[in-house]
Structure formats: C-alpha cells, structure tokens
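Step one of this worksheet: look at the structure below.
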Amino acid sequence: MKSRRLSEEETRAWAKVAATVKRIGPQEASLPDFQAALEAGEPELRETKPLKKPAPVIKASDPPAPRLPIPPANRGGEKRVRRGKLDIAATFDLHGHTQISAARALPAFLMDQQADGARCVLVITGKGREGQGVLRRNFLLWLESPEARALVSGYAESHPKHGGSGAFYVFLRRKA
C-alpha cells in the first residue's frame, strides 16, 4: 500500500495527540537479593510424613470378547446380482458426504430399505486416491456398528458395471 503525506490539518491533530503522551522509560526490575539469602544460612527443612495407604493400583480390565465381523456375502448372492436374478433395490452414493454425514446417513438408508423389503442395495463409496479413499476405508467399519449389524447379512465388492472397487453390494436381513 502506498503511503501518502498528511494534510496540514492531520499534522496539527497528530501533534496535539503526541503532546499528551508520556514517554515510558526503562523500568528497573527488582531482582531478589541472592547474596542475602546465601548469607542467611541453610533453609529449614520440614519432615514429610508417609502416606497413610498407598494409591490404588489400577488394573486393565479384560478386553471384551471379540465380535465376529459381518461375513462377506457368499458368492452366490453376488453372482445372482451380476446375472440380474437379484435386483438392486436402491443405490446410495456417498460422494459429497463428509465422514460424519456418511456415518449418520448410511444406517438410516439401510433401515429405510429394509423396511421397504429390499434384499440388496448398492452403496457407492468411491475409490479415493490410489484406491484408499476415506469413505471406502471407513465403510466396512460402519457396517460393524450395532445399528448396521442388525440390518446387514453380508456385503461384496461390486461388479465393474456397478462401480467395481468403488462400490459395494450390501445384502440386508429379512425384516423380522
């Protein structure tokens, strides 16, 4: 930004303001008198009392029993979808979703589709850069959530005509 010269009026106003300001000089710091402390002698030490009882030891709890992951779909279901014997009831595209919105929307989508009687849906996650997109990577974790486990019987990576490694067939349990 170019600087400009002050007008006469601005120069007079600045001179008035500058005349009211007091100059702050260097302040003398008050340092503790170490020499006097050394001459005073040894400081008095207090006796410490032992603790009445030792602090409790926190033990790691036993890890929860491992849950079995949702099994990938059997090849028969995947083949039936590819051959057109089992229709894909709906498609859910996660493109444009953040991790949080996708994690919330996926169980809602699966519940709606199960309520409508759907048996197979296609979920498009996208491949991401170098095949390791965030949504694709987290998708299988989301299928392990309690809400999704109650709805999903299996999954499989889709056929290239449906999106290949950037999409999954999700097989839903029958409505109870």
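Every number in this text was worked out from the coordinates using simple rules, so none of it is lab data. This is a predicted model, so every value here is computed, not measured. Quick reminder, even Gly has a Cβ in these numbers, built from the backbone with ideal geometry, and neighbours come from all protein chains shown.
Annotations
- Amide H contacts under 5 Å for VAL152: ARG173, restricted to partners 5 or more places along the chain or on a different chain, H placed in the peptide plane at 1.01 Å from N.
- Prolate/oblate/rounded call for the stretch 75-172, Cα gyration tensor, a/c under 1.5 rounded: oblate
- Neighbour-count order for GLU144, GLU157, fewest beta carbons within 10 angstrom listed first: GLU144, GLU157
- LEU135, LEU45 arranged by Cβ crowding within 10 Å, fewest neighbours leading: LEU45, LEU135
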